[in-house]
Amino acid sequence: MTSENPLDPLNAYAAADDAPLSEGDPTGAPADSKAHSDAKAHSDSKAHSDADSHVNASADTISRTDAAQDTLTSLGAARIAVAALLDGGVRSVVVAPGSRSAPMAYALAEASAAGKVELLVRIDERAAGFTALGLALATGAPVAVLTTSGTAVGNLMPAVMEANHAAVPLVVVSADRPEELRGTGANQTTVQLDLFGEHVRFAVDVPAGDSPQRAVDTALAAATGAFEDTPPGPVQLNLAFRDPLVPEAGERLPEQHGRGTFRIATEPLTMTLTHATADLPELRTVVLAGHDAGPVAEAFARAHGLPLLAEPSSNSRFGPNAVGPYRLLLEHFGPDSVMPIERVVVFGRPTLSRPVSALLARADVPAALYEPVPVAWYEPGRRRETPIASLTELAEFAGRGSSAWLDAWLLAGAAGQHALDGVLATADAATGPSVGAVVWQHTRGQLVLGSSNGIRDVDLAGQPATEPAATVFANRGLAGIDGTISTATGIALGGRQETTLLLGDVTFLHDAGGLLLGAGEGEPQLRIVVLNDSGGAIFSLLEHGAVAEAGGYGDAVERLFGTPHSVDIAALAAAYGVGHCAVSTTAGLAEALAAPFAGRTIIEVRTDRHELRALHRRIKAAVSAAVAGVLAE
């Protein structure tokens, strides 16, 4: 939260000279604007000729006239903005307190009292941004986050960047000083328009006294992907307010009304596609399901008799064709193998393993990317895969798998899973992969996977089920560890059901402030599983681990990459009023996961990361031997 003095000494008001939005553009955008010609390239053009010109638009201060005109009060403009947000589908707003944003806060309080919107309050703008991101992920609806001016707005940058690359409709409402105070050294005043640059689909500055109606309408259209060839994503509404920033004397909140529950079902989904016809050629194709692939990937693999290699957050890691430790099997189906992969069909965005990246980089293996709608995570023409929008065309590319091809993968997968489980069973203490396997097996409702090792442990060791047991979320847009607790809190509140979060200790500590809920704020049903190995374990599995083993850099690798710590997580949980228990074995973890809980609770799994590199070597060796034996038969 950023405090500010509402009584600015430079508050000498100029004559109101701001005009409403121009009527010249049928889409409702400001006439005086800068446009982006595509999703990633800025342009300095000052006009929008049609809806396409709004793609990733960043509108300058709205056109104005010297003619005298009546202007709205700040609270009047805020009420219009709130009504337009509600009309555009916003049902939740996360508010970070501040004085310049007070008109919006009062207008939102009125809407909340009338039962029209759900308000959440967070004192940390970064936590507010990621909480709003989580709400949008869980509900699929646009969610707004409100901040005051100055550094408060900049704290939203990480959440906006994630929302950009993950195509999440996050609506930033940033309050600002009026034009006459900008550039004067007025307190808490900076250039806020275009602060987010390429990361927003649309940004607009609404001068104090102007109606924000058209600006809000255009912003919501951009946020929800209404413009052609533009994916959904974040937008910025920069609203300038003059004093007075408070209601007039005698104004009161409306009579309280009950609010209907707004919830979009997030139960795991399945689907079925028509079985591949016999006229399709038999090809050794694999279906690769990356983040956000959805159940269509599983249905396509099943319909075409193809092996399914699915990341956990694909929400397609289930069914009879799914292969568990697939990333350790790819080398057994390489170009020199008896049954080499001939084609790859990609659903979603693969991000988790180097063997998959190596497969997708092979020029000798044709690859297709199923892309029925525009996506935000890559620039057109920058990837090797052929984008295909229709399942019919995709079927022609993929062909159908022979029974021998699918059986080879399923037998190899079963052998590899058995070997992996055997290695993990030999350890008395919990390890990253064993924790990932247990969490994957026991979670119901919603599962949130933190970046770094947590999601990769599940990808390695989580055994695919016959049917999906949980809806899986992860911040894979930019795969940062920022705001993970806050994101999970938003997901749990938005989904209104039991939610489990798996994350490492460094990710946990990075967003420990996300545990703070003010008095009277709604508490999610959120179970937080923290794999505490006193530092960052993922670097030991990368090249840095080899540098550490060689010893040439002394303790530099441990200090700079391992980032060891001795934080008492139990004490931290107590400080925030969150339940806590500690376990050190997978049996203890399974018992803790099975225990009923209310509100929030932390399960701390204490483990040692220093033998993790050796453990992964043993897993790889055991899986390789088991798979080689099966394929040789």
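The values are calculated or read from the model by the stated rules, or taken from the named source; none is laboratory data. All values derive from a computational prediction rather than experimental measurement. Every residue, glycine among them, receives a Cβ derived from its backbone with ideal geometry; neighbour counts consider all protein chains shown. The protein model used for the area step is the full one, side chains on, heavy atoms only, and it has no ligands, DNA or RNA in it. Shrake-Rupley method; radii C 1.70, N 1.55, O 1.52, S 1.80 Å.
Quick one: dipole size for the range 470-557, taken about the Cα centre, charges +1 on Lys/Arg Cβ and -1 on Asp/Glu Cβ, in debye to the nearest 20. Please list the in-between numbers first.
Numbers: 3 positive and 10 negative charges, 70 e Å.
That gives the range 470-557 a dipole magnitude of about 340 debye.
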Checklist entry - Extent of the chain along each principal axis, from alpha carbon coordinates, in Å, largest to smallest? => result 88, 59, 54
Checklist outcome for this item: Simple SL model, points at 7 angstrom along Cα→Cβ for Ala571 and Asp87; separation in nm is 5.5
Item to check | Options Pro312, Phe196, Pro524, ranked by Cα towards positive dipole end of the chain, top entry (Cβ charges) | outcome: Pro312
Item to check | Check: the chain dipole with +1 on Lys, Arg Cβ and -1 on Asp, Glu Cβ, in debye | outcome: 1340
Checklist entry - Give or take rounding to whole Å, what are the principal axis extents of the alpha carbon atoms in the range 206-336, in descending order? => result 78, 33, 32
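Ordering Asp336, Asp457, Asp555 from largest to smallest accessible area (1.4 angstrom probe), what's the sequence? Walk me through the intermediate numbers first.
Values: Asp336 150, Asp457 10, Asp555 115 Å².
Listed by decreasing accessible area, they come as Asp336, Asp555, Asp457.
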Checklist outcome for this item: per DSSP, antiparallel bridges as share of beta bridges in the chain, % nearest 5, sits at 5
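How big is the charge dipole of the range 486-633 about its Cα centre, in debye rounded to the nearest 20, if each Lys and Arg gets +1 on its Cβ and each Asp and Glu gets -1 on its Cβ? Provide the component values of the computation, followed by the final result.
Details: 10 positive and 16 negative charges, 45 e Å.
Roughly 220 debye, rounded to the nearest 20.
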Item to check | For His199, solvent-accessible area (1.4 Å; no DNA, RNA or ligand), Å² | outcome: 40
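Viscosity 0.890 mPa s, temperature 25 °C: Stokes-Einstein D of the range 116-243 from its Kirkwood Cα radius, in µm² per second? Walk me through the intermediate numbers first.
Numbers: Rh = 14.7 Å.
It diffuses with D of about 167 µm²/s by this estimate.
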Checklist outcome for this item: Between the residues Val458, Leu220, Ala83, the Cα farthest towards the positive end of the dipole of the chain, that dipole coming from +1 and -1 charges on the beta-carbon of Lys, Arg, Asp and Glu, is from Val458
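Give me the accessible area per residue for the chain, probe 1.4 Å, as a whole number in Å². Display every interim value, and only then the final one.
Numbers: 24980 Å² over 633 residues.
Normalised by residue count, the accessible surface of the chain is 39 Å².
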Checklist entry - Ranked from highest to lowest mean number of other Cβ atoms within 10 Å per residue, what is the order of the peptides 566-572, 488-494? => result 488-494, 566-572
Item to check | Spacing of the two label points (7 Å from each Cα toward its C-beta) at Ala550 and Ala404, in nm | outcome: 4.5
Checklist entry - How much space per residue, in cubic angstrom, does the convex hull of the C-alpha atoms of the range 210-250 take up? => result 93
Item to check | Kirkwood hydrodynamic radius (C-alpha pairs) into Stokes-Einstein, the range 333-480, 10 °C and 1.306 mPa s, D in µm²/s | outcome: 89
Checklist entry - For Thr500, which sequence-distant residues (separation of 5 or more, or a different chain) have an amide H within less than 5 Å of its own amide H, given hydrogens modelled in the peptide plane? => result Gln446, Leu447, Val448, Arg527
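If you average the sequence gap of Cα pairs under 8 Å that are 6 or more apart and divide by the length of the chain, what percent do you get for the contact order? Walk me through the numbers on the way to the answer.
On the way: 1453 pairs, mean separation 80.9, N = 633.
Value for the chain: 13 percent.
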Checklist outcome for this item: In whole angstrom, the spacing between the Cα centers of the range 545-562 and the range 344-364 equals 30
Checklist entry - Which whole-Hz couplings ³J(HN,Hα) result when phi for each residue of the range 380-391 is put into the Karplus expression 6.51 cos²θ - 1.76 cosθ + 1.60, θ = phi - 60°, listed in order with x for Gly and Pro? => result x, x, 9, 10, 7, 5, 7, x, 10, 9, 10, 5
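Starting from the Cα coordinates of the range 436-492, work out the convex hull volume and express it per residue in Å³. Numbers along the way, then the final one.
Values: hull volume 4.5 nm³, N = 57.
With only Cα atoms used, the range 436-492 gives 79 Å³ per residue.
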Item to check | the range 270-294-the range 457-518 distance, computed between alpha-carbon centres (Å) | outcome: 29
Checklist entry - Per the 1.4 Å probe, what fraction of the accessible area of the chain, in percent, lies on carbon and sulfur atoms? => result 55
Item to check | Selected from Thr601, Thr563, Leu615, residue furthest toward positive end of dipole (the range 531-633; charges at beta carbon) | outcome: Thr601
